[in-house]
Amino acid sequence: GSGGSLRGISEESSIMKKLTVVAAALLVLALAAPSYAGIDEGDWEVGLGGGWASTQSTTTYGLGLSLGYFLTPNMQIGGWLGYGYNEYDLEVRDEGDYLKMKNRSVYWDIAAFFTYYFEMDGEWMPYIGGFVGYETNEIKYDTEGYRITADRNGFKLGGYLGVKFFVAEKATIFIEYRLTWRNEDEWDIEDGYKFEDDALSHLIHFGVTVLF
């Protein structure tokens, strides 16, 4: 994501709760509309979703806000802003001893996307797409006797596939699978240490969209 700072789990929970309320409001608006109408060229779409991403060793939970524009009823371009965090414990070996370490990280990301929708009769709309973007994290490693703060930033790209279902005239619910590759540099802020890391993550994402 883009630059965010870690201010504690209580603030993270507050942000997640506020975005959840917005998602619920969008869903209420969706269900209040009449019947299915479909997509027209020139339609705009705003979406709010959440999900979880898994890498080799961690699971990250996040929320995202997107805005898209339909070039045709089948082709859409747009962008999204995402937020997420994770917290996990692990053990590291230091001079023969095992130290317990607690890791916390907050990320923000921004990306541009392209989506292609397959023509279907009725309310179902399967789709595939791709994206490119930038992500930034602030990470805190807390262990016995010392704390390390690091920034991890880099570009990301990937693809996704999913399906939307019209629950009202201009509103959908969706679920998708997303595969992301990230190339990031991590800086230890105190010591100036830097390393480069490549990572693949698998994301399950779901939410609600409204067309206008």
message: Would you confirm, using the coordinates I've provided, whether residue 163 is over 13 Å from the mean Cα position of the chain (by Cα), open to solvent by 20 Å² or more (accessible area, probe 1.4 Å) and at pLDDT 95 or above?
response: yes
- request: Hand me the list of strands (runs of 3 or more DSSP E) wholly inside region 19-107 holding 3 or more residues that are open to solvent by 30 Å² or more (accessible area, probe 1.4 Å) and modelled with pLDDT under 70.
  value: 75-94
task: Inspect all residues belonging to region 109-131 and state whether any of them is out of contact with any Leu (no Cβ under 6 Å at 6 or more places or on another chain), farther than 17 Å from residue 204 by Cα, free of Cβ contacts under 8 Å to residues at least 40 places away in the same chain and surrounded by 14 or more Cβ atoms within 10 Å (Cβ to Cβ).
output: yes
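The values are calculated or read from the model by the stated rules, or taken from the named source; none is laboratory data. In this text, all values refer to a predicted model and were calculated from it rather than measured experimentally. Note that we place each Cβ from the backbone using ideal geometry, even for glycine, and neighbour counts take in every protein chain shown. Surface areas here come from the heavy atoms of the whole protein model, side chains and all, with no ligands, DNA or RNA. Shrake-Rupley method; radii C 1.70, N 1.55, O 1.52, S 1.80 Å.
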